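Notes for the one structure printed next.
Coordinate-derived values only; no laboratory data. Remember, it's a predicted structure, so these values are computed and weren't measured experimentally. Glycine gets a Cβ as well: all are built from the backbone with ideal geometry, and neighbour counts include every protein chain shown.
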Amino acid sequence: MNLNPYLSPQSVPIEAAVLVKPERRSRPLRALGRWTLVCCISAAPSFFWGCAMHRGAEHVVGMICGILVFVLAYTVVECSHHYQQIITRPHMHRTALVGYGTRILISVIFPIGLAVDMMTGVVSVAIVQNISPANSAELSEAGASASTFSVFLTTVVQGILLNILLFAYMVCVYAVLRVMARVRDRLRDRKREFSLEIP
C-alpha cells in the first residue's frame, strides 16, 4: 500500500502507522569468519600442545573437528533471534567484548594460555577416558578411527570446560559493569543536584 508522505499523521491509517524498528541481524558468513578467527586463536595453545604430544594425523583431524564444532555452534547462536535480543541489552555487548578479548589475549600470551589449556586438558582426558567407549574391543580394532574419535571427544570436553570458565568470568565482568554504571549514574545525579543548588 502506497501512502502519501505529505499527508498529516491524522490521515494515516492506524494499522499503517506502526513504527517498525529494523532488526539487527548478523550475516552468516561474517559470523562464521569471526568465530573461526576467535576459536582458532583460542585453541592455539591446546592445538600446539596436542601436536607436541601426538604427531599422528588422526590426532590433528580429531582436534580440528572438535574446533569446528565450536565454530559452527557459535555461528548458529550469533545468527539466532534470541542472541540478538540478549546482546542488545545494557552491558551485554561490552561484556562479550571484554570476555572474548581476554580469552584471545590469554591465548596470545603463550605461557598463560598454555597453563590454562593444560589444566583443562588433563581434566578432559580423564573425563573422556572414564566415559568414552573408545577403549572397547570394537573401537580398539578400528585403530586410527578410534583414536580420532577419542581426540575429538577430548577437544569438545575441553572446549566446554573452557567455555564454562569463560562464562563465569563474563558474569563477573557483567556484574562489575553494572556496578560501575550505577556509581556513574549516582555521581551524575549528585553533580546535577549540586549544580542546581548553586544560585
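Grab the beta carbon distance between Arg55 and Ile87, set R0 = 41 Å, and tell me the FRET efficiency rounded to 0.05.
With a Förster radius of 41 Å, E is 0.55.
How high is the relative contact order of the range 28-197, given as a whole-number percent (alpha carbon pairs under 8 Å, six or more residues apart)?
Details: 124 pairs, mean separation 53.1, N = 170.
Once divided by the residue count of the range 28-197, the mean separation gives 31 percent.
Determine Rg/Rh for the range 28-197; Rg is computed over alpha-carbon atoms and Rh is the Kirkwood hydrodynamic estimate from the same atoms.
1.14
In the P(r) worked out for the range 25-126, what percent of Cα pairs fall beyond 17 Å?
It works out to 59 percent of all Cα pairs.
What is the distance, in nm, between label points placed 7 Å from the Cα along the Cα-to-Cβ direction at Arg178 and at Arg30?
Taking the two extended label points, one gets 3.0 nm.
When you count, for each residue, the other Cβ atoms within 10 Å and take the mean per peptide, how do 55-67, 84-96 rank with the highest first?
Averaged packing, sorted descending, gives the order 55-67, 84-96.
Estimate the FRET efficiency between Cys79 and Glu193 by the formula 1/(1 + (r/R0)^6), using the beta-carbon distance for r and 41 Å for R0, to the nearest 0.05.
About 0.35, to the nearest 0.05.
Each label point is 7 Å from the Cα along the Cα-to-Cβ direction; what then is the distance between the points at Ala96 and Cys40, in nm?
If labels sit at Ala96 and Cys40, their model points lie 2.1 nm apart.
Given axes a ≥ b ≥ c from the Cα gyration tensor, I'd like to know whether the range 78-135 is rounded (a/c under 1.5), prolate (a/b larger than b/c) or oblate.
oblate
With r as the distance between the Cβ atoms of Ile131 and Ile164 and R0 = 25 Å, compute the FRET efficiency 1/(1 + (r/R0)^6) and round to 0.05.
Result of the calculation: an efficiency of 0.90.
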